[in-house]
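The values are calculated or read from the model by the stated rules, or taken from the named source; none is laboratory data. Keep in mind that this is a model prediction, so the values were computed, not measured. Neighbour counts run over all protein chains shown; Cβ positions are idealised from the backbone, glycine included. Quick note on the areas: whole protein, heavy atoms, side chains included, nothing else; ligands and nucleic acids left out. Shrake-Rupley method; radii C 1.70, N 1.55, O 1.52, S 1.80 Å.
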Amino acid sequence: LEQPLQNFTVCLRSYTDLTRPYSLFSYATKAQDNEILLFKPKPGEYRLYVGGKFVTFHVPEGHRDWEHVCASWESTTGIAGFWFNGKPWPRKGLQKGYTVGA
């Protein structure tokens, strides 16, 4: 049985010399291609999208090294969390009460 998501955490490591915008993680549903999207519009910036809305997290500019990021979201509080290389960033509000489709 497929259930909608009420919360999630996604973690990954990446290494690149790209300076153009690119996606790191995408979760698609029948209704929306990027229901969840972890996106890097430029060096030093990450965006977490949930249901088409996003919050931005600014991080130190990359020095061509591995970057470890985690992003989390919880529907009931709308809290979006972000960790960069193990350090938590200030939490932000995003899509409170929203349900991510199955």
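Here the chain has 52 percent of its accessible surface on carbon and sulfur atoms, given a 1.4 Å probe and all protein chains in place.
The spacing between the range 1-47 and the range 54-102, judged by their C-alpha centroids, is 10 Å.
In percent, rounded to a whole number, the relative contact order of the chain is 29, using alpha-carbon pairs under 8 Å and six or more apart. Amide H contacts of Gly62: Gly44, each under 5 Å away and 5 or more positions distant or on a separate chain (H built 1.01 Å from N in the peptide plane; Pro and chain starts excluded).
Solvent-accessible surface of the chain, taken per residue with a 1.4 Å probe and all protein chains present: 61 Å². Each residue of the range 4-21 was assigned a 3J(HN,Hα) from its phi angle through the Karplus expression (A = 6.51, B = -1.76, C = 1.60, θ = phi - 60°), giving x, 8, 9, 6, 7, 9, 10, 10, 7, 10, 9, 8, 7, 10, 5, 10, 6, x Hz with x at Gly and Pro.
FRET efficiency for the Leu12 to Thr76 pair, using the beta carbon distance and R₀ = 30 Å, is estimated at 0.75. Going through (1) 16.3, 49; (2) 13.5, 44; (3) 13.2, 40, the figure that equals Rg and Dmax of the Cα atoms in Å as computed for the structure here is (2). Pairs of Lys residues in the chain are counted when their Cα atoms are under 21 angstrom apart and they lie 8 or more places apart or on different chains; the count is 9. Amide H contacts of Leu24: Leu38, Phe39, Lys40, each under 5 Å away and 5 or more positions distant or on a separate chain (H built 1.01 Å from N in the peptide plane; Pro and chain starts excluded).
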